[in-house]
Amino acid sequence: MRIHCPHCGERDHREFEYLGSAKLLERPEGGDAAAFHDYVFQRKNPTGENAELWQHVMGCSAWLHVVRNVTTHEIIAVKLARDVKEAAR
Amino acid sequence: MHYSVLQILKNGLTGNKGWKPVWRNPEPKKSYDIVIIGGGGHGLSTAYYLAKTYGIRNIAVLEKGYLGGGNVGRNTTIVRANYLLDGNLEFYSHSLKLWENLEQELNYNVMLSQRGCLLLAHNDGQFDDLAWRGNANLATGDDAVLMSADDVRAYTPYLNFDDARFPIRGGLLQRTGGTARHDAVAWGYARGADMRGVDLIQNCEVTGFRIEGGKIKGVETSRGYIGAGKVGMSVAGRTSQVAEMAGLRLPIESHVLQAFVTEAVKPVIDTVISFGMGHFYISQSDKGGLVFGGDIDGYNSYSQRGNLPMVEHVAEAAMALMPMIGKARMLRSWGGIVDMSMDGSPIIDKTPIEGLFLNGGWCYGGFKATPAAGAAFAHLMATGEKAAWATKFNLNRFETGHVIDDEGTGARPNLH
């Protein structure tokens, strides 16, 4: 897999660290235990397209929002996680 | 047919014409008392114990492909009981006891070989950790031998003891660990279940659940609707998809785990060895191939093949541990899709839907659990209670804080 970092260009995926589902951007406000349980542990785990968080640890260190096909490993779209989070506000 | 030396002699002298198909290939009935989804090792073993121990004979196992065609045929065949935490300790201990009697139980040669399983340590911290683990295993009644570097040198003299980066500090040996013939385990359980009247239905994909008033009524399949009193999901790798059809969301991600085998060579490794740096493990099959594997690739995947960086990483680990392996040619590599749970431990539990049960989240430890997982799942489905040695694999443990994180890495499935 090769991931196109918005800052650094297309790089081998070994330069990136995988965190998990991009739902981790949506940290629940307040102290609702059920919402936090869902946030930390529950995953949709889809086949096909999955939105994920990767960090370019061996490059610019930016957190990236990557849409990837988990069946074919095709990278579909890469944005800065910060931009995705701000757009959702 | 009961297999015996007499049968082998008789059939050997009569042109081997007396052997019969090992299981039937029945059409699905309209309904069953219990339907198990997934004809892999766990599904077949569940059906076997339901029929054998609990006398429930009106059972179907639904398999979308062929029996034993999933992860039970894709693993590195290691059997061991050297976990660390409560929950895992008593469960795998019980599983090993079932393994030790499995061939007599099934009247089927699963080629269990208790050739030992050695975990290596490469620094003082790791060695202390192995001592802790070994004590936990001894306290559970399992075997554990803490070995000094010299002990390891005598046991496996061909390892690279003086590697500059990862010298071998010592090891923890479980003499009762080893390997088994993975396909034979699935076939043995399938035969035992079929002999007791269980319908093993292949090429039958479950496409939906029928749920009324919060209670399971049956399953929609590619071969029509099948009614069921109870339904058990045993579909590791695809658990999230099957559960989603029942409206459930689970603490599971699917990842790809690769395995490798070299060309057959003369006997060289007579045990199972785990490198303590980089999660590499190796044994030699009875055919002579060196069978080895490493970590999961590290990102969600439903592709049953891995990427090259992990191939390279595993090859590097192999060369660091055992330089002689560089002389062998790699024959094949393949991938299996594993349920990575959020704490690295499995789930055997009821679901919020009455009559629907879940067995999944096995990460890369499912094969060694095959007998006990089936026995525990059968016990749960038949009695509604958890078996005494499988009380902690609860679906709600993530809510209550009772996670079983043997690796201590937190809710990061790609790190377990």
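For the condition more than 9 Å from chain B (Cβ to nearest Cβ), over 26 Å from residue B:250 (Cβ atoms), modelled with pLDDT of 95 or more and out of contact with any strand residue (DSSP E or B) (no Cβ under 7 Å at 6 or more places or on another chain), residue A:7 qualifies.
Any idea which of A:40, A:66 is among the β-branched types (Val, Ile, Thr), within 14 Å of another protein chain (Cβ to nearest Cβ) and within 18 Å of residue B:342 (Cβ to Cβ)? Let's see the steps before the verdict.
Values: A:66 fails: within 18 Å of residue B:342 (Cβ to Cβ).
Only one candidate qualifies: A:40.
When each of B:408, B:401 is tested for being over 19 Å from residue B:237 (Cα atoms) and within 14 Å of another protein chain (Cβ to nearest Cβ), the lone residue that passes is B:401. Scanning segment B:170-199 for residues being crowded, with 22+ Cβ neighbours inside 10 Å, assigned to a helix (DSSP H, G or I) and more than 21 Å from the chain's Cα centre (by Cα) gives a total of 1. Pairing residues of segment B:91-105 that are of a type outside the set (Ser, Thr, Tyr) with residues that are part of a helix (DSSP H, G or I) and surrounded by 17 or more Cβ atoms within 10 Å (Cβ to Cβ), at Cβ distances under 7 Å and at least 6 apart in sequence or on separate chains, gives B:91/B:372; B:94/B:372; B:98/B:371; B:98/B:372; B:98/B:375; B:99/B:371; B:102/B:371.
Scan segment B:234-267 for residues that are touching a helix residue (DSSP H, G or I) at 6+ places or on another chain (Cβ under 8 Å) and either more than 14 Å from chain A (Cβ to nearest Cβ) or not hydrophobic (A, V, I, L, M, F, W, C) (or both) and jot them down.
Initial filter on segment B:234-267 (touching a helix residue (DSSP H, G or I) at 6+ places or on another chain (Cβ under 8 Å)): B:234-237, B:249-255, B:258, B:260, B:262.
B:234, B:237, B:249, B:251, B:253, B:254, B:255, B:258, B:260, B:262 - these are the residues of segment B:234-267 that are touching a helix residue (DSSP H, G or I) at 6+ places or on another chain (Cβ under 8 Å) and either more than 14 Å from chain A (Cβ to nearest Cβ) or not hydrophobic (A, V, I, L, M, F, W, C) (or both).
Suppose we filter A:87, A:81 for residues that are among the small types (Gly, Ala, Ser) and surrounded by fewer than 15 Cβ atoms within 10 Å (Cβ to Cβ); which single one remains? First the steps, then the outcome.
On the way: A:81 fails: surrounded by fewer than 15 Cβ atoms within 10 Å (Cβ to Cβ).
Result: A:87 is the single residue among A:87, A:81 that is among the small types (Gly, Ala, Ser) and surrounded by fewer than 15 Cβ atoms within 10 Å (Cβ to Cβ).
The residues in segment A:57-78 that are exposed (fewer than 15 other Cβ atoms within 10 Å of the Cβ), within 14 Å of residue A:17 (Cα to Cα) and among the small types (Gly, Ala, Ser) can be counted, and the count is 1.
Can we say residue B:238 is basic (Lys, Arg), modelled with pLDDT of 95 or more, touching a strand residue (DSSP E or B) at 6+ places or on another chain (Cβ under 6 Å) and closer than 26 Å to residue B:395 by Cα?
On the way: basic (Lys, Arg): yes; modelled with pLDDT of 95 or more: yes; touching a strand residue (DSSP E or B) at 6+ places or on another chain (Cβ under 6 Å): no; closer than 26 Å to residue B:395 by Cα: yes.
It is false that residue B:238 is basic (Lys, Arg), modelled with pLDDT of 95 or more, touching a strand residue (DSSP E or B) at 6+ places or on another chain (Cβ under 6 Å) and closer than 26 Å to residue B:395 by Cα.
The set of residues from segment B:140-162 being in contact (Cβ under 8 Å) with a residue 24 or more places away in the chain and among the aliphatic types (A, V, I, L, M) comprises B:144, B:145, B:146, B:147, B:152, B:159.
Here residue A:29 passes the criteria (1) surrounded by 15 or more Cβ atoms within 10 Å (Cβ to Cβ); (2) assigned to a loop (DSSP other than H, G, I, E, B); (3) more than 8 Å from every other protein chain (Cβ to nearest Cβ) except the one numbered (1).
Among the criteria (1) part of a strand (DSSP E or B); (2) surrounded by 23 or more Cβ atoms within 10 Å (Cβ to Cβ), the one residue B:220 does not fulfil is (2).
The values are calculated or read from the model by the stated rules, or taken from the named source; none is laboratory data. Just so it is clear, the structure is predicted and the values come from calculations on it, not from any experiment. All Cβ positions, even for glycine, are placed from backbone atoms using ideal geometry, and neighbour counts span all protein chains on display.
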